[in-house]
Amino acid sequence: MKVHDFIASIIPLSDELRGRLDSILKMRVFGKKEFLLREGQVCDKIYFVEKGLVRLYYLKDGVEMCSGLLLEGGFMISVESFFRKQKSYEFIQAVEETTVYYISFEELEALYRDFAEFNIVGRKLITEYYIRSEERNYILRRLSAREKFRHFQELFGANTVRIPRKDIASYLGINLETLSRLSRRR
């Protein structure tokens with residue numbers, strides 16, 4: 001999905017807003033395993049994934065803990081780092097070759113200031129992010145491993161095969177052995 005189409009699915013884009021987006025959006029292709037953000041850097045860009053797959057993770061006792069996965073058609077940031085302008089404890093990494101469009105924090109703030117209707121986009125994106133975060137917290141706390149995996153398959157569908165098993169297990173808060181058992185039972 002193209003970034004303009006995604007935004008237009010939330011609100012109609014005026015010619016002026018479309019023109020501003022065209023003037024500030026930058027495109028970049030990240031190779032497989034390339035980092036969009038590393039721990040210790042400040043996340044000062046918001047990324048729209050046009051093609052590919054990225055993961056968000058942090059290190060806990062030297063072990064990678066996957067806290068987010070994003071396929072085509074969504075935005076990715078390290079939330080706390082982006083909004084508080086502080087060093088990130090997270091990494092954002094391309095799982096496969098990934099094409100993104102991005103703008104800086106300052107450019108996003110200028111869009112909010114200059115285009116009142118763009119605030120609707122921001123509010124709806126933050127609302128959706130918050131709902132998904134709460135849903136994931138509920139799933140991690142309340143569901144069995146089998147239910148977590150079933151929900152994950154419903155959420156990612158056929159794209160599940162694109163995601164490394166270690167990331168699926170970590171994202172679901174289960175170990176690889178449990179994931180392997182669940183995968184065989186399908």
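The numbers here are math on the coordinates, done by the rules we state, and not lab data. Owing to the predicted nature of the structure, the values given are computational and were not obtained by experimental measurement. Glycine gets a Cβ as well: all are built from the backbone with ideal geometry, and neighbour counts include every protein chain shown.
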Crossing angle, helix 176-185 versus the chain [Cα axis fit, 0-90 degrees, rounded to tens]: 80
If one compares the long axis through the Cα atoms of helix 15-24 with the longest principal axis of the Cα atoms of the chain, the angle in degrees, nearest 10, works out at 70
If you place +1 on the Cβ of every Lys and Arg and -1 on the Cβ of every Asp and Glu, how big does the dipole about the Cα centre of the chain come out, in debye to the nearest 20? 1020
Per DSSP helix of 4 or more residues, -39500 (n - 2.57); summed, then divided by the residues of the chain. What does that give at 222 nm, rounded to the nearest 500? -14000 deg cm²/dmol
Toward the positive end of the charge dipole of the range 3-114, about the Cα centre and with charges on Cβ (Lys, Arg +1; Asp, Glu -1), which of LEU36, LEU108, TYR89 goes farthest? TYR89
Of ARG141, ARG38, ARG165, which is the most mobile in a GNM of the chain whose springs link Cα atoms less than 10 angstrom apart? ARG141
Which pairs break 28 Å Cα to Cα here: LYS2/LYS124; LYS26/LYS166; LYS2/LYS60; LYS60/LYS124; LYS124/LYS166? LYS26/LYS166; LYS2/LYS60; LYS60/LYS124; LYS124/LYS166
Under the 7 Å Cα-to-Cβ spin-label approximation, LEU140 and LEU125 lie apart by a distance in nanometres of 2.3
Centre separation in Å (Cα based) which lies between the range 88-132 and the range 138-164: 25
Once the Cα atoms of helix 105-114 and of the chain are each reduced to a long axis, what angle between those two axes, in degrees from 0 to 90 to the nearest 10, is obtained? 50
Two-decimal ratio, the range 118-186, of alpha-carbon radius of gyration to 2.2 N^0.38 Å: 1.28
Please give the contour-minus-distance gain from SER9 to GLU39: 0.36 nm per residue of separation, less the Cα-Cα distance, rounded to one decimal in nm. 7.5 nm
Expressed in nanometres to one decimal, the distance between label points 7 Å along Cα→Cβ at SER23 and ALA110 is 0.8
Between GLU117 and THR99, what is the label-point separation in nm under the 7 Å Cα-to-beta-carbon projection? 2.6
